[in-house]
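Since the structure comes first, as structure tokens, the remarks are kept for the end.
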Amino acid sequence: MLKIPEELNCPTKLRIIENEPLSAYTTMGVGGTVSQLIDIPWISDCFPKVLDLCREQGIKPIILGNGSNIIAPDGELDLVVIKTPVGIVIPKTEGVDWLEIQAGMSLFTVCNNSVIQALTGLEFAYGIPGSVGGAIYMNAGAYDGEMSQVVQSVTVWQDGEILEIPAEQCGFSYRHSVFQDTGAVILSAKLKLRPGNSVFIRAKMDDLLRRRFEKQPLEYPSFGSAFKRPQNGYASELIERAGLKGFSVGGAQVSEKHAGFIINTGGATFEDVTQLIEHVRSVVKEKTGIELETEVRILG
Ligand SMILES: Cc1cc2nc3c(=O)[nH]c(=O)nc-3n(C[C@H](O)[C@H](O)[C@H](O)COP(=O)(O)OP(=O)(O)OC[C@H]3O[C@@H](n4cnc5c(N)ncnc54)[C@H](O)[C@@H]3O)c2cc1C
């Protein structure tokens, strides 16, 4: 457990919750009770101070954005989880072509804000239910776009230092960034967007969101695509060809609507989900020779 001294000078009080179920913070609705969840106020300089404290006390916290690509074991987990601060939407400054966004802000908010400010470039991200930090960490993408295309630089906390990393040094590749290797915590990012037309930007976002509702099982809890796209083809096609559509373990099911999604049909446990993932991987490997790699971050 992280000990937080009285004198930690935070402008607003941290919300520190003990024995908090992680399932309430993940879109899959799975995860046990963590010993401590620290919710940093929506705008706060405290984030790096809390990370410094963790470092001093030898604690490696789990950084949580919107919880849309992470699952954790059931039961009691001896973990300190830090929920990233949301920040505020700051209008683009005259004369600069980037927006600085706090890590915890949702992509939905940033996208809607880019419509208001008539900034184009982020349309692809509308409908990805992540935070900006989580999306950069995962290099999230869809419909031919990915975060690497809009990131100018990322400000991170790493081993007690705050560094601004230019996009070229972020090691972006398909669903990967260097932060997955270095363990750096993303505090904020500068996103480079171009002047556009609000009506066209809105129309494009609405179209992409409609396509998601048509193709994806958004009526169920999930973490999106469970597997990364293999080199040739799509994971969903391989899973469907392997006859696994609708296959379930407990409350976890390969979606009938989109075989790349594992959904929680009710009461799914971590064991259900991970067993289903392993079953899908082994059947697909046996039938097609292709090894699927998970996209979801599995703790423990
Ligand atoms: C219905 C649905 C649809 C989806 N569609 C897509 C899609 O089209 N494309 C796509 O790429 N993904 C998609 N996803 C997956 C997910 O939304 C993305 O991966 C998203 O970027 C994760 O962001 P998050 O804030 O939820 O991260 P979390 O799930 O909270 O965390 C994911 C990982 O990032 C780390 N992390 C989070 N914030 C930080 C930070 N500030 N600093 C360092 N590490 C951090 C966490 O520790 C964890 O390892 C979908 C998910 C769902 C549920």
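Every read-out reported here was derived from the displayed coordinates using simple, explicitly stated rules and does not represent laboratory data. Not measured: the values here are computed from a predicted model. Neighbour counts are summed over all protein chains in view; Cβ atoms, including those assigned to glycine, are modelled from backbone coordinates with ideal geometry.
Our summary gives the chain a relative contact order of 16 percent, counting only alpha carbon pairs under 8 angstrom and 6 or more residues apart. Placing unit charges on the Cβ atoms only, positive for Lys and Arg and negative for Asp and Glu, gives the chain a dipole magnitude near 820 debye about its Cα centre. Using every pair of distinct Cα positions in the chain, the Kirkwood expression returns a hydrodynamic radius of 20.1 angstrom. Pairwise alpha-carbon distances in the stretch 84-184 exceed 24 Å for 17% of all pairs.
Taken one residue at a time, the phi angles of the stretch 50-62 give Karplus couplings (6.51, -1.76, 1.60, θ = phi - 60°) of 5, 5, 4, 4, 4, 4, 4, 9, x, 9, 9, x, 8 Hz. Gly and Pro are set to x.
Near Leu119, the amide H atoms lying under 5 Å from its own belong to Gly196; only residues 5 or more places off or on other chains count, and H is placed 1.01 Å from N. In sequence order, the stretch 36-41 has phi-based couplings of 8, 10, 10, 9, 7, x Hz under the Karplus curve 6.51 cos²θ - 1.76 cosθ + 1.60, θ = phi - 60°, and Gly or Pro positions carry x. Per q in 0.13, 0.25 1/Å, what log10 I(q)/I(0) does a Debye calculation on the alpha-carbon atoms of the stretch 218-298 return? Summing over Cα pairs of the stretch 218-298 leads to -0.32, -1.25. In terms of the mean number of neighbouring beta-carbon atoms within 10 Å, the peptides 18-26, 191-199, 217-225 order highest first as 217-225, 18-26, 191-199.
Rounded to the nearest 20, the size of the Cβ-charge dipole of the stretch 112-184 about its Cα centre is 200 debye, with Lys and Arg at +1 and Asp and Glu at -1. Summary value for the stretch 15-83: 43 percent relative contact order, contacts being C-alpha pairs under 8 angstrom separated by 6+ residues.
Its relative contact order, with pairs defined as Cα atoms under 8 Å and 6+ residues apart, puts the stretch 76-219 at 27 percent.
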